[in-house]
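Here's a structure for you.
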Amino acid sequence: MNSLTTQTINVQISVELAAAVEHLAIELGFSKNWVINEALTRFLAERERRHQNIQIGLAGVDASQVVSHSDMVDFANRLKDA
């Protein structure tokens, strides 16, 4: 997401969150801007990763690549007994 152009957005956050961002920036030696950009970038990447995994799972269901509930219960019971 490194871009030569930027856009400023205004958000309201709690005083506690703002303090946490400031403390983290100081601890890491980066700007608050960097901390917030990093947090948003990681959040959006994780959300996209989860979405893709859900899509893969749904495709598996569509392709009948499923395990029955009773098979899963049997598997879990074998794990407990091991």
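Express in nm, to one decimal, how much length is gained between residue 24 and residue 63 on full extension, taking 0.36 nm for each residue of separation and deducting their alpha carbon distance.
9.4 nm
Moving on to the next point. Would you mind ranking 24, 4 by Cβ crowding within 10 Å, fewest neighbours first?
4, 24
May I ask for the angle, rounded to the nearest 10°, between helix 69-81 and the longest principal axis of the chain, with both axes built from Cα atoms and the value confined to 0 to 90°?
The answer is roughly 80 degrees.
Still on this structure, I have one more. Restricting things to alpha carbons, find the Rg to Rh ratio for the chain using the Kirkwood radius for Rh.
1.25
Taking the chain as a Gaussian network, Cα atoms linked when under 10 Å apart, which of 11, 66, 21 shows the biggest mean-square fluctuation?
11
On to the next question. So for the stretch 34-82, considering every pair of alpha-carbon atoms, how many percent are separated by more than 17 Å?
Summing the P(r) tail past 17 Å for the stretch 34-82 gives 61 percent.
What is the angle, in °, between the Cα long axis of helix 15-28 and the longest principal axis of the Cα atoms in the chain? Nearest 10 is fine, range 0 to 90.
Helix 15-28 and the main axis of the chain meet at about 90 degrees.
Each reported figure results from applying straightforward, stated rules to the coordinates on display, with no laboratory input. The structure presented is a predicted model; accordingly, all values stated were derived computationally and were not measured. Quick reminder, even Gly has a Cβ in these numbers, built from the backbone with ideal geometry, and neighbours come from all protein chains shown.
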